[in-house]
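K.L.:
Got a structure here, written out as structure tokens. Questions coming.
The values are calculated or read from the model by the stated rules, or taken from the named source; none is laboratory data. No experiment lies behind these values; they were computed from the predicted model shown. Every residue, glycine among them, receives a Cβ derived from its backbone with ideal geometry; neighbour counts consider all protein chains shown.
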Amino acid sequence: MIVEQKILDMQLVRPCTEDNLKNSTCDLTIGEFYPMGEQSNEVVKGLNEVWIEPSSMLAVRTKERVVLPETVTGIATLVTSLTHEGLLCLNVGVVDPGYDGHLSAFLVNFSRRPRKIALNDRLFRVLFFEHDQLTNCKPWINSKDDYHKFLNGKAQNEFATTFLDVDGITALAENSAWKVVLNAVLNRWIAPVSLFIAVISMIIAGISYFE
């Protein structure tokens, strides 16, 4: 495992200072906000902080880049201070060898109160593990501009403003309500009706036999 000064010497995080180092990990901080849904990213330009309402989502990008050689794998975890505020992340995990770029997070506020997120706040703690050089490692350079376009597109076009898209769920329920009713009727009534018809048929057949 790569720790302390060696993280700086290998330039695994850029820019990085000793202030980013914490015990055996390195902190990454928030560098940009991306509001969810149809809101434009212009909404948060120039703001140093935003509030995430209960059940709402916000995408953020790190200020620092992670630059890994073919002999290092990173693991990013959300900082504990955010989880204590009721904020959880949808997409933390492995940073592959050969990656060169920023990291992002889709934060969800599971608490009952609005939570403030500010630029330069701690976002990720990253652990770095050194290993043998990979034979088929494919470098991936993720430029800041490309990542900005990617996150902005995802935030505006593919995610609702809330974690559970209530409007979408309501519309789906309304459109499917008649199917639910029909299924309930069929499941609850076809079998009893069929049984009733069968019993009546047997009674009629018995009467006809004895006649």
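K.L.:
Sort out which residues of region 63-98 are under 18 Å from C16 (Cβ atoms), out of contact with any helix residue (DSSP H, G or I) (no Cβ under 9 Å at 6 or more places or on another chain), surrounded by 18 or more Cβ atoms within 10 Å (Cβ to Cβ) and not β-branched (V, I, T), and write them in order of number.
P.N.:
Scanning region 63-98 gives L68, G74, A76.
K.L.:
Among (1) closer than 18 Å to G31 by Cα; (2) modelled with pLDDT of 90 or more; (3) surrounded by 15 or more Cβ atoms within 10 Å (Cβ to Cβ); (4) touching a Ser or Thr at 6+ places or on another chain (Cβ under 8 Å), where does N120 come up short?
P.N.:
(3)
K.L.:
If you check I30, I52, I75, which single one turns out to be under 18 Å from N152 (Cα atoms), at pLDDT 95 or above and in contact with a strand residue (DSSP E or B) (Cβ under 6 Å, 6 or more places away or on another chain)? If you could, list the steps in order and put the result at the bottom.
P.N.:
Values: I52 fails: at pLDDT 95 or above; I75 fails: under 18 Å from N152 (Cα atoms).
Only one candidate passes the filter, namely I30.
K.L.:
So, in region 82-119, exactly how many residues are part of a strand (DSSP E or B) and either polar (S, T, N, Q) or outside the structural domain of E70 (by TED's automatic domain parsing) (or both)? Lay out the reasoning, then the answer.
P.N.:
Step one: filter region 82-119 for residues part of a strand (DSSP E or B), giving 87-89, 94-95, 99-101, 104-109, 115-118.
Cutting the leftovers down to either polar (S, T, N, Q) or outside the structural domain of E70 (by TED's automatic domain parsing) (or both) gives us 104, 109.
So the answer is 2.
K.L.:
Still on this model: Would you confirm whether any residue within region 35-46 is part of a strand (DSSP E or B), crowded, with 17+ Cβ neighbours inside 10 Å and modelled with pLDDT under 90?
P.N.:
yes
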